[in-house]
1. Determine, for S41, S123, the number of other Cβ atoms within 10 Å of each Cβ, and report the residues in order from fewest to most.
2. State the three equivalent ellipsoid semi-axes of the stretch 99-191, derived from the C-alpha gyration tensor as the square roots of 5 times its eigenvalues, in descending order and whole Å.
3. Based on the inverse mean of 1/r over its pairs of different Cα atoms, what is the Kirkwood hydrodynamic radius of the stretch 21-189, in Å?
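Just so it is clear, none of the values below were taken in a lab; they were calculated from the coordinates. Keep in mind that what you see is a predicted model, and the values were worked out from it rather than measured. With ideal geometry, Cβ positions are generated from the backbone for all residues, glycine too; neighbour counts draw on all protein chains shown.
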Amino acid sequence: MNSQQIATITISVLLPVSVYAANPFLDAKGDKPVSANFRGSQWGDDIEEEEIPLMMQVVTTRISKMPWGAIFKMREIRPDYFIVTDDRIVLLNEEDNDAAVKKISASDKPPQFEPGKIYGITSGSFDHEDGLWKTTIRLKGDLCIYDSSHPSGHFKKIIWKKGVGLVEYASGYGAHADGYRLKRTTTAQKS
């Protein structure tokens, strides 16, 4: 084997783990928090009207960056953590997410992802069933649409937009008992 063949093999082995191409649906230019305003409605058994207006600010922060991806924390009602690779957005849902972030950040490759925790893709389509839960992820133009539902009426819908991030978040519990639907209105950089 000559030196040119060795160099070619070395480059082809190193490139996949040393370059994070970025996910077009969830990425950041830096580690500063980015806030976005959302408007929509909320409904529930404890609400007298059928629906009431709801406004919320969602703050997205890249909290860790690795050669193979990044981890983002999104704060709305409660924080959600997402592991992001160039082809997946995956919910991090551990007992202690902060400890999990440290462990995952130290890894030289992404962890194995459970299909039920995949919330975004960059190509193709995705279908998953877990008991009565049915989840689909579809790409439509510059949108990635996550849609998960249960026959009891429970649902979650998340829409990501290329170059923007989260643009819609909706969640509901049983036969329109409790839930909300929010759509992004504006974006601002936090100082």
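1. The fewest-first ordering by Cβ neighbours comes to S123, S41.
2. So the equivalent ellipsoid measures 24, 20, 15 Å along its semi-axes.
3. Radius from the Kirkwood sum: 16.7 Å.
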